[in-house]
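Shown next, in structure tokens, is the structure this report addresses.
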Amino acid sequence: MMIDVHCHLTDDLLFTNLKDVLEEALESGVVALVTSGLGYEDCLKTLEISDNRRVYPSLGIMPYNLHGYDKVIELARKNRYRIVAIGEVGLDYSPWVDIEREFQKKVFVEFIELARELDLPLVTHSRSAGKYVLEILLENNVERVVMHAYDGSSSTVSRAVEKGYFFSIPPSIARSTQKQKLVRKIPLENLLLESDAPALSPNPGEVNKPSNIKISAEWISKLKSIPLDKVKETIMDNTLRIFEIKI
Ligand SMILES: [Zn+2]
């Protein structure tokens, strides 16, 4: 049994054949999924497709398109008892992003405060900004964190691990030495499985699917020399604990 802790089921690439996507996931042992809304409209759609039995909603916004972020905050407050996390939210310092870094930080801190107010875990986006996202989280003494697809160096993660932060590992680990290094460094007790579908597929250019989190599990098992069953079992415990999901 596995749970995909981060995907985007409302993305057209998955949404147009959602029934098949969910069926294929179930056949691969994915018993539940956390789907992440990005921006107000997408968050509404995310709530609509979530049944809180297999599909759980998380509400957030991308740091490179922060339009309407205050409406996302309001929506999260209104739906506190339906959602299982805040996010993804964070920083994106990719060269093509034209949103001021100071503004990105200001909004990120607002979402940090929201997660604290609602007592929900925070799922972070940190493209080309892993180290900075971690700094802000530690400065603000955030307790419940999922670092989604962390792209920082493995040398920066010790304090996050000490603090009990989780790192969710996407199927792109199959082609990313950075993710492989990360998995070697981080204890199994701090790892989760995510697809980030339709992004971060194991093969470049392919549409990713939640069923592919089995690839992340297999890589973790191989890199850590821990039997696959034990990997899945421990990560399932981690997941149920951080998201307070009951299966
Ligand atoms: Zn994502």
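Where a number appears in this text, it was derived from the coordinates with a stated rule and is not lab data. A quick note: this is a predicted structure, and the numbers were derived from the prediction, not measured. Cβ sites come from the backbone with ideal geometry, for glycine too, and all protein chains shown count toward neighbours.
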Legend entry - Tally of residues being within 16 Å of the ligand (Cβ to nearest atom) and assigned to a helix (DSSP H, G or I) across segment 189-247: 5
Legend entry - Subset of segment 150-188 (residues that are within 16 Å of the ligand (Cβ to nearest atom), farther than 22 Å from ASN203 by Cβ and in a loop (DSSP other than H, G, I, E, B)): none
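Residue-by-condition table, conditions (1) surrounded by 24 or more Cβ atoms within 10 Å (Cβ to Cβ); (2) among the aromatic types (Phe, Trp, Tyr); (3) farther than 21 Å from LYS246 by Cβ:
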{"position": "GLU48", "(1), (2), (3)": "no, no, yes"}
{"position": "SER58", "(1), (2), (3)": "yes, no, no"}
{"position": "ILE61", "(1), (2), (3)": "yes, no, yes"}
{"position": "GLY68", "(1), (2), (3)": "no, no, yes"}
{"position": "ARG82", "(1), (2), (3)": "no, no, no"}
{"position": "TYR93", "(1), (2), (3)": "no, yes, yes"}
{"position": "VAL109", "(1), (2), (3)": "no, no, yes"}
{"position": "LEU114", "(1), (2), (3)": "no, no, yes"}
{"position": "ARG127", "(1), (2), (3)": "no, no, yes"}
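Taking the conditions exactly as written (closer than 20 Å to SER155 by Cα, charged (D, E, K, R) and surrounded by fewer than 20 Cβ atoms within 10 Å (Cβ to Cβ)), does GLU189 satisfy them or not? Steps first, answer last, please.
On the way: closer than 20 Å to SER155 by Cα: yes; charged (D, E, K, R): yes; surrounded by fewer than 20 Cβ atoms within 10 Å (Cβ to Cβ): yes.
When the stated conditions are applied, GLU189 passes them.
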Legend entry - Selection from segment 1-44 of residues that are in contact with a Ser or Thr (Cβ under 7 Å, 6 or more places away or on another chain), crowded, with 17+ Cβ neighbours inside 10 Å and outside any loop (DSSP other than H, G, I, E, B): ILE3, ASP4, VAL5, HIS6, CYS7, ALA25, VAL30, VAL34, THR35, SER36, GLY37, ASP42
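Among the candidates LYS232, LYS181, LYS214, LYS209, single out the residue that is touching a residue at least 12 places away in the same chain (Cβ under 8 Å), over 28 Å from ARG54 (Cα atoms) and charged (D, E, K, R). Steps first, answer last, please.
Working: LYS232 fails: over 28 Å from ARG54 (Cα atoms); LYS214 fails: over 28 Å from ARG54 (Cα atoms); LYS209 fails: over 28 Å from ARG54 (Cα atoms).
Being touching a residue at least 12 places away in the same chain (Cβ under 8 Å), over 28 Å from ARG54 (Cα atoms) and charged (D, E, K, R) holds for just one of LYS232, LYS181, LYS214, LYS209, which is LYS181.
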Inset, instruction - Determine, yes or no, whether ASP51 is part of a loop (DSSP other than H, G, I, E, B) and either away from the ligand (no atom under 14 Å from the Cβ) or under 30 Å from LYS214 (Cβ atoms) (or both). - result: yes
